[in-house]
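The values are calculated or read from the model by the stated rules, or taken from the named source; none is laboratory data. Since this is a predicted model, take the numbers as computed values, not measurements. Every residue, glycine as well, gets a Cβ built from its backbone with ideal geometry; the counts of neighbours run over all protein chains shown.
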Amino acid sequence: MIELTGISKTFTAKQGSIYALKDVSLSVKQGEIYGVIGYSGAGKSTLIRCVNLLETPDKGSVKVKNVDLTKLSTGKLREARSNIGMIFQGFNLLKTATVYDNIALPLKLTGLSKQMVKERVEKYLNIVGLSEKQNAYPAELSGGQKQRVAIARALSHEPEVLLSDEATSALDPDTTEAILDLLLKINKELGITILLITHEMNVIQRICDRVAVMENGEVIEEGKTKDVFTSPKHSTTKRFVNSLFSHDIPDELLTNLNESGHVATLSFFGESSGEPALALISKKFDIYPNILSGSITRLKDESFGQLLVHLKGDQAEIEKAVQFLKEQNVHVEGVKISGENKRVS
Ligand SMILES: Nc1ncnc2c1ncn2[C@@H]1O[C@H](COP(=O)(O)OP(=O)(O)OP(=O)(O)O)[C@@H](O)[C@H]1O
Ligand SMILES: [Mg+2]
């Protein structure tokens, strides 16, 4: 549905050139929710703005439904853009217009009849659960309600693609959940493909089918959310995964435990695959596993757990046990102290 190939973008600033995007390629399939996660300045907004050419890439092609947008005339580009809705962190509502008019005014500009405009506004306000607020002004709405209006406005043009630039970043956790549920509903019931960018792991973990991790203008890891987060390769991806679990263990204890064995995190899918694997290794190998801490969370529809364990035993037995765990689809990462910070390595 969306095919970005070799996208590069440089901004010229007083201090010199800023390489916001370096040779980024990614592809979003029809009907999926694709998330791009990265820390501030990674290039996420620049990337998403390239999808509807709010930002023109210096290099590369931007294909939506197999049409390269960079090659279109202004008229054709306008037409192609009407198939791409967008929502933002700051909602971008007109303060002086009612909820109804915030949605209706852009629709009128497309030449729809008054009756059609009315039908669309009512339909999409109903979908986002705000039918009663038609006559309210943005100042009378909560942040979550404002974002619902912005979503209804984007949907009212009946796009096949919805782009979301940090749509939940200004919202509290409960409201974030409600908006994420709404995005899931839109994806499932209307079949809209969603490309979103965020710096929050909970957004990715709740709704994204696939994910790309960005850093310094590059995609450093990409794939199914489950695959990327169960066996993260890049240190930044590991940091994001570790932010889901907090295993607070004093450094001295960690040092002591590492002397008598090996401290590791075991990540696994499914409610119960971690502990049985651990019980098995104590039977199969000359090893005493001890759970130091553990927690379980969800990745979209599946449970995702992590145990911090101490494997006590000889090096050779530990290695065999780790190998066995990996064969059971448990991702194993050794935990060491590095400098002042504990680091998974
Ligand atoms: N119009 C611009 N002019 C100059 N530099 C820019 C411009 N837009 C973005 N940049 C720079 O490009 C880099 C990527 O910015 P971008 O906004 O895409 O990051 P981001 O990942 O969305 O960050 P955040 O999470 O803070 O929104 C940054 O170094 C930023 O300062
Ligand atoms: Mg941004």
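Before moving on, here are some points about what is shown:
- If the condition is being of a type in the set (A, V, I, L, M, F, W, C), within 19 Å of L299 (Cα to Cα) and touching an Asp or Glu at 6+ places or on another chain (Cβ under 9 Å), then region 163-193 contributes no residue at all.
- Residues that are over 15 Å from the mean Cα position of the chain (by Cα) and within 16 Å of ligand 1 (Cβ to nearest atom), drawn from region 164-199: A170, L171
- Filter result for G85 (more than 16 Å from ligand 1 (Cβ to nearest atom), among the small types (G, A, S) and in contact with a Leu (Cβ under 6 Å, 6 or more places away or on another chain)): yes
- Pair list, Cβ under 7 Å, 6 or more apart: region 141-167 residue farther than 21 Å from Q30 by Cα and touching a residue at least 40 places away in the same chain (Cβ under 8 Å), other residue among the basic types (K, R) and away from ligand 2 (no atom under 16 Å from the Cβ): L141/K133
- Comparison of K59, K44, K14 shows that the only residue that is of a type in the set (D, E, K, R), more than 19 Å from E158 (Cα to Cα) and under 17 Å from the mean Cα position of the chain (by Cα) is K44.
- Considering region 246-329, the qualifying helices (runs of 4 or more DSSP H), each wholly inside and each with 3 or more residues that are modelled with pLDDT under 85, run over 251-259, 274-284.
- Of the candidates K95, K133, K108, the single residue that is surrounded by 18 or more Cβ atoms within 10 Å (Cβ to Cβ) and in contact with a helix residue (DSSP H, G or I) (Cβ under 7 Å, 6 or more places away or on another chain) is K133.
- V28, sole failed condition from (1) within 15 Å of ligand 1 (Cβ to nearest atom); (2) aliphatic (A, V, I, L, M); (3) touching a Ser or Thr at 6+ places or on another chain (Cβ under 8 Å): (1)
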